[in-house]
Protein chains: 2
Amino acid sequence: MVPSDREVHIERIFNAPRERVWRAFTDPKLVAQWWGRGNKLDIERMEVQRGGHWRFVEHTPQGPQGFEGRFREVTPPRRLVQTFEWDGMPGHVAINDASFEDLGDGRTRVVTKSLFHTTEERDGAI
Amino acid sequence: MVPSDREVHIERIFNAPRERVWRAFTDPKLVAQWWGRGNKLDIERMEVQRGGHWRFVEHTPQGPQGFEGRFREVTPPRRLVQTFEWDGMPGHVAINDASFEDLGDGRTRVVTKSLFHTTEERDGAI
């Protein structure tokens, strides 16, 4: 969903309780299992608190790719806001704002709203 | 000047040749002399190249204040683009795009265009 010309909204529903989904997003050991989509992921830094930094290196078949950012809001288990930057386009920063909603039936809805500085950056990321 | 609802443009003219003004913005020893506006400035990191990071701590009368970001474009002596983030509002990132124009009479015009993610962030910075 593209609610404005600088945003992307992604909604995902997980068959897991909210606390577990929250941990999958914030515990480095769990993040390392899925974030690289099958590629090995080195978590160089992950300080899950307001103002903390994160930096991951994904080992893709094309070589290592670095990603980094900073946590802006950490409100367990409901909301996680962080900046996101790929080394390939340094200084192009998106804000990823993730909300975790308990659906009451053991499932969790995660809505991530990404805000870019420009439409071009948004379209490039899509 | 506020050319859009997310930008601020600042124009300054310096009585110095462009090469000297460029050095004043990119040589840590020179930056330390003016950036803190009279306050002591610790330059913890300043890698003036595309993708390089910078981090300054300004020792204000109210205590230390951290600032950091990343260089997005470094084109001596004409253009310097970097992100800017204050520790007090982590994850709120502005893009500072500075152009250095040789006025031909020993003076240099520096135009800095700052782009924020939101109007509220822009107004807060002003």
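The values are calculated or read from the model by the stated rules, or taken from the named source; none is laboratory data. Just so you know, these numbers come straight off a predicted model, no measurement behind them. Note: ideal-geometry Cβ built from the backbone for every residue, glycine included; neighbour counts use all protein chains shown. For the accessible areas, the whole protein counts, side chains as well, though only heavy atoms, and no ligand, DNA or RNA atoms are used. Shrake-Rupley method; radii C 1.70, N 1.55, O 1.52, S 1.80 Å.
Some notes on this structure:
- Listed by first and then second residue, the pairs linking a residue in the stretch A:47-65 that is closer than 14 Å to A:ALA32 by Cα to a residue that is of a type in the set (Phe, Trp, Tyr) and open to solvent by 20 Å² or more (accessible area, probe 1.4 Å), with Cβ atoms under 9 Å apart and 6 or more places separating them unless they lie on different chains, are A:TRP54/A:PHE67; A:ARG55/A:PHE67; A:PHE56/A:TRP35; A:PHE56/A:PHE67; A:VAL57/A:PHE67; A:GLU58/A:TRP35; A:GLU58/A:PHE67.
- Considering only residues in the stretch B:65-96 that are more than 9 Å from chain A (Cβ to nearest Cβ) and more than 22 Å from A:GLU73 (Cα to Cα), the one that is surrounded by the most Cβ atoms within 10 Å (Cβ to Cβ) turns out to be B:LEU80.
- Checked against (1) more than 15 Å from the chain's Cα centre (by Cα); (2) of a type outside the set (Ser, Thr, Tyr); (3) within 18 Å of A:GLU47 (Cβ to Cβ), A:PHE84 meets all criteria but (1).
- Within the stretch B:98-114, being of a type in the set (D, E, K, R) and in contact with an Asp or Glu (Cβ under 8 Å, 6 or more places away or on another chain) holds for B:ARG109, B:LYS113.
- Extreme residue, most open to solvent (accessible area, probe 1.4 Å), among residues of the stretch A:108-119 that are in a loop (DSSP other than H, G, I, E, B) and out of contact with any helix residue (DSSP H, G or I) (no Cβ under 6 Å at 6 or more places or on another chain): A:THR118
- Of residues in the stretch A:1-28 being under 19 Å from A:SER114 (Cα atoms) and in a strand (DSSP E or B), the one most open to solvent (accessible area, probe 1.4 Å): A:GLU11
- Residue match in the stretch A:29-40 (condition: assigned to a strand (DSSP E or B), farther than 17 Å from A:ASN96 by Cα and either open to solvent by 50 Å² or more (accessible area, probe 1.4 Å) or free of Cβ contacts under 8 Å to residues at least 40 places away in the same chain (or both)): yes
- The residues listed here are A:LYS29, A:LYS40; of these, the one that is touching a strand residue (DSSP E or B) at 6+ places or on another chain (Cβ under 7 Å) and more than 14 Å from chain B (Cβ to nearest Cβ) is A:LYS40.
- Residue in the stretch B:51-64 that is farthest from the other protein chains (Cβ to nearest Cβ), counting only those that are open to solvent by less than 70 Å² (accessible area, probe 1.4 Å), more than 18 Å from B:ARG23 (Cα to Cα) and out of contact with any Asp or Glu (no Cβ under 9 Å at 6 or more places or on another chain): B:THR60
- Listed conditions (1) part of a loop (DSSP other than H, G, I, E, B); (2) within 13 Å of chain B (Cβ to nearest Cβ); (3) buried (at least 17 other Cβ atoms within 10 Å of the Cβ) are all met by A:VAL48, apart from (3).
- Any chance A:GLY88 is on the phi < 0 side of the Ramachandran plot and modelled with pLDDT under 95: no
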